Every structure is written in structure tokens, then in C-alpha cells.
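This report refers to the structure that appears directly beneath it.
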There are 2 protein chains.
Amino acid sequence: MTVNVKSAPGVTTPRISCCGTDVADPLTEDEAATLATRFAALADPIRLRLLSLIAASGEVCSCDLLEPVGRSQPTVSHHTKLLAEAGLIVGEKRGRWVWWSTVPEALGDLREALTND
Amino acid sequence: MTVNVKSAPGVTTPRISCCGTDVADPLTEDEAATLATRFAALADPIRLRLLSLIAASGEVCSCDLLEPVGRSQPTVSHHTKLLAEAGLIVGEKRGRWVWWSTVPEALGDLREALTND
């Protein structure tokens, strides 16, 4: 039987499970919805390769993203747009090219959701 | 102009980009494909909440996953199956219930793909 003990706001009370184990509170629905949108942006090999390039390079001119992933400018532009809409990268226009860099806080939130404790 | 310098196998030669920046090598296509499958499994709020529960609890009886996420047994079973197929959790059947735990290496690979260097 699962027993829920009411507690004061902000106080986490461990659930006592039917099997006698303490079950931690999961992510809230809102937190999970935000993270799921960001993980969805990463569920594509080209976007992962672009993110890895941008993360490893610090700041990258979009002109330099084409050859390493072997895709055309419109394709790369489409995928960087999706990464940016998910809040994972930000771009700064300089002349005719956009320079991309990662959003460290956003990547940190995703890493934290993947920790084992 | 992008200049590619051929190097011995296993030796990474930085690309000299058109803008004079060093562009790192991206993930390989195979690495990216594997990671993308795993990230796709996380692109769902319920699966993220289940994973967070399992990760935080160490090992959890599937009977204890229903109430925290407010879903029925078939729904939870469907989502744990998808997490398991993606290699993110493993289950051990004990009696009528499955006990789930995370696969630390798989989560570690995903965290590594989200580092900023």
C-alpha cells in the first residue's frame, strides 16, 4: 500500500512504497515538459553533430558548420534554427553569417536530468 | 576556404576554417545515431519523470512508479519498455513485478554529449 503523508509546503516527505522502499519525488510536470522539448531537439543525428561542433569550438561561424557535417547551407540553417528554438544555442549575426555558441545553463539542466542520484 | 589536412589514422588535425577559427571534429555519424535514439526516448515528459524516479531511487519496483506519475499500469509499462529499449534502464523480474534501475554508462554517454568542451 502506498501511504502519502501530507507535509508543509516545500518539505519533501519520502513516499513509503508498497515494497518498503523510499520512492523519490519525480520531476514536476512543468520541469519535465521543458526538458522533453529540449531532448526532442537532440533526437536527431545531424543536430547532435552540430551541437558537438559548436560546443567544442566555443563560437562557430555558420559557414564552418557545412563541411564537417556534409550538409547544405539550408539544411544546416534549418537544424541550427531548431537547436536555437529549443534554447540550446544562441546566434549572433555578423555580416552575412551567424556565429553560434551554446547556452551552458540549458546544457547543464539537461546533464542534471541525467544524473544518477 | 576550408583546408583539410590528411593525417595518420587516429590523429586529429584541426580544420582551418574560412574564418580562421579551429573547428573541432563533430561526433561521428554512428555515434550521433546511437545518441539520437537515446535522446528520442527522453523527449517525453512521462518518461523523463519515470527516469528521474528510477535514478533517484536506485532500484524501484514498477508498482511504485504508478502513483508518483499518476498513470495506469499499462501506460507506465509502455514507457518503461521504451526507456529499456533505448538502453537507459534495465529491469529484473521478481514475482509479478519488475524492478527497474538505470544504466549508468548510458546516462554518462548522454551527459558527455552535453558537455561544453
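The table below gives the values:
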item	result
Distances in nm from B:THR28 to the matching label points in the other copies, shortest first (labels 7 Å along Cα to Cβ)	4.3
Average beta-carbon neighbours from other chains, 10 Å sphere, peptide B:28-37	5
Packing rank of A:27-38, B:41-52, A:85-96, where each peptide gets the mean count of other beta carbons within 10 Å, highest leading	B:41-52, A:27-38, A:85-96
Sequence-separation-based contact order of region B:33-89, relative, with Cα cut under 8 Å and 6+ spacing, percent	44 percent
At 7 Å out from Cα toward Cβ: A:HIS78 inter-copy label distances (nm, ascending)	2.9
FRET E, pair B:VAL90, A:HIS78, Förster distance 30 Å, beta-carbon r, rounded to 0.05	0.25
Where labels lie 7 Å past Cα in the beta-carbon direction, separation of A:ALA40 and A:ASN116 in nm	3.0 nm
Neighbour net charge for A:VAL98 - beta-carbon separation under 13 angstrom, K R +1, D E -1	+1
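FYI, it's all coordinate maths here, none of it is from the lab. Because the structure is a prediction, the values reported are computed rather than measured. Here the Cβ is made from the backbone with ideal geometry for all residues, glycine too, and neighbour counts use every protein chain on show.
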